[in-house]
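J.: Sharing a structure here in structure tokens format.
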Amino acid sequence: MSKEFIKIPAVYMRGGTSKGVYLMASDLPEDPEIRDRVILNIYGSPDVRQINGMGGADPLTSKVALLAPSKRPGVDVDYTFGYVGIKEAVVDYEGNCGNISSGVGVYAIRQGLVEAVEPVTKVVIFNTNTNKIIEALIPVKDGEVVFEGDYAIAGVPGHGAKIVMNFPNSAGSKTGRLLPTGNVQDTMVLNDGRSIRVSLVDAANPSVFVKAADIGLTGKELPADCDKNPGILEVMEEIRLRAGVMMGLASCLEKVGPAVPKVAFVASPADYPLSDGGLVAAGEVDLLARTKAMAEMHKTYAVTGGICISTAAMIEGTVVSEVCAAEAKREGEVRIGHPSGVLEVFVSVKNSAEQGWTLLQAGVCRTARPIMDGEVYVSRTAFPQ
């Protein structure tokens, strides 16, 4: 083994529509600054191509999961999610990623942190980013996690075994309140003088929602459209920053983190084209939504973001509820039309005079697949000399 490198056990895995490196926290330095230098070295960041590491030069593939056996009663594993900067030397831990979360239960079983029980193993996960519990139901056969199956998710070719992800008590993930301002709608004034209606909701991850038409868009936009019209991302970022201050996540625009709150623009169901050239009919979705993944339009739609927007759809009076199909609100299943297809989210809410709007339950179905299991080489320059 070269004296220039240190080897760290790692699993490279796809979880939902994202992929990243899954690491045991105990295999990393305890000092947060040194730990993040090691993670950046693993990913080859900062570099727009991440050519010198495991990063895929895309926000959806520059993610990391840190795992540890949990000492909390009734919890199997503690899990910390990080967005790994591509152009910047930063690992952001402000929010969680539901897609990467879908690989955590798989990792826990395969690493022996949780005993495999047929036909389904329930893994109870504590997410340190949001201080919330996640329940993963993992299919198991002959003591092994099952990956092959007939379930498909938009944004991932082929089929796989269905993993059910439940997010109980996911309201107030960062702000402590389902409706951070106490309102189903607020008014925001943009730099250009426009006054727009927004809804601020915190479920799984805090998010701000605006109608596409109110910012001059249709809701059918694709990531490629942002290359032709950078103004799409610029206005989304301005709305996101202003929402961060309104939610109390930061004292000023400059201090709002890059990962949360999330931002999305929404529109009523309509026929629209996919990024791969396919078509989605209006009858296949309950609303259209576009969100950001760091500095780019999301190629799909984040799971935690999907939980938040679906919760918003069920709360009467939000801008999301105004565009969502009525049938979804009756049945509690919201079909979100995004650039790669449709994300289905199951959500249950109630409204009472005593407590106002309450999120009772939320869940999604995902698939996962391990890609590499071994050791990653980390330059000794990432460690103190």
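J.: From the set of residues in region 306-339 that are at pLDDT 95 or above, touching a strand residue (DSSP E or B) at 6+ places or on another chain (Cβ under 6 Å) and over 14 Å from Ala264 (Cβ atoms), which is surrounded by the most Cβ atoms within 10 Å (Cβ to Cβ)?
T.: The qualifying residue surrounded by the most Cβ atoms within 10 Å (Cβ to Cβ) is Met314.
J.: I'm trying to understand the selection: among the residues of region 144-173, which are among the β-branched types (Val, Ile, Thr) and over 20 Å from the mean Cα position of the chain (by Cα)?
T.: Applying the first criterion (among the β-branched types (Val, Ile, Thr)) to region 144-173 yields 145-146, 153, 156, 163-164.
Within region 144-173, Val145, Val146 meet the criteria.
J.: Next question, about the same structure. Is region 16-26 home to any residue that is within 25 Å of Thr381 (Cα to Cα), crowded, with 23+ Cβ neighbours inside 10 Å and hydrophobic (A, V, I, L, M, F, W, C)? I'd like the intermediate steps shown before the answer.
T.: So the first thing to find is which residues in region 16-26 are within 25 Å of Thr381 (Cα to Cα), and the list is 20-26.
Filter once more, keeping what is crowded, with 23+ Cβ neighbours inside 10 Å: 20-23.
Now restrict to residues that are hydrophobic (A, V, I, L, M, F, W, C): 21, 23.
Yes, region 16-26 contains at least one residue that is within 25 Å of Thr381 (Cα to Cα), crowded, with 23+ Cβ neighbours inside 10 Å and hydrophobic (A, V, I, L, M, F, W, C).
Okay, residues lined up against (1) among the aromatic types (Phe, Trp, Tyr); (2) buried (at least 18 other Cβ atoms within 10 Å of the Cβ):
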site: Val64; (1), (2): no, yes
site: Arg72; (1), (2): no, no
site: Asp76; (1), (2): no, yes
site: Lys132; (1), (2): no, yes
site: Phe147; (1), (2): yes, no
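J.: Scan (1) small (Gly, Ala, Ser); (2) in a loop (DSSP other than H, G, I, E, B); (3) crowded, with 19+ Cβ neighbours inside 10 Å; (4) under 19 Å from the mean Cα position of the chain (by Cα) for the single condition Gly176 breaks and write down its number.
T.: (3) is the only condition that Gly176 fails.
J.: Quick check: is even one residue across region 125-143 on the phi < 0 side of the Ramachandran plot, among the small types (Gly, Ala, Ser) and in contact with a helix residue (DSSP H, G or I) (Cβ under 7 Å, 6 or more places away or on another chain)?
T.: Taking region 125-143 as the starting set, the residues that turn out to be on the phi < 0 side of the Ramachandran plot are 125-130, 132-141.
Applying the additional criterion that residues be among the small types (Gly, Ala, Ser) yields 136.
Next cut, in contact with a helix residue (DSSP H, G or I) (Cβ under 7 Å, 6 or more places away or on another chain) only: 136.
Yes, that holds for at least one residue.
J.: Next up: Would a scan of region 230-253 turn up a residue that is within 17 Å of Ser321 (Cα to Cα), in contact with a Ser or Thr (Cβ under 9 Å, 6 or more places away or on another chain) and not assigned by TED's automatic domain parsing to the domain that holds Asn129? Spell out how you get there, then give the answer.
T.: So the first thing to find is which residues in region 230-253 are within 17 Å of Ser321 (Cα to Cα), and the list is none.
No: region 230-253 contains no residue that is within 17 Å of Ser321 (Cα to Cα), in contact with a Ser or Thr (Cβ under 9 Å, 6 or more places away or on another chain) and not assigned by TED's automatic domain parsing to the domain that holds Asn129.
J.: Continuing with this model, one more query. I'd like to verify a number: residues in region 358-369 that are surrounded by 18 or more Cβ atoms within 10 Å (Cβ to Cβ) and more than 17 Å from the chain's Cα centre (by Cα), how many?
T.: The total comes to 1.
The values are calculated or read from the model by the stated rules, or taken from the named source; none is laboratory data. This is a predicted model, so every value here is computed, not measured. Heads up, the Cβs are rebuilt from the backbone with ideal geometry, glycines too, and the neighbour counts pull from every protein chain shown.
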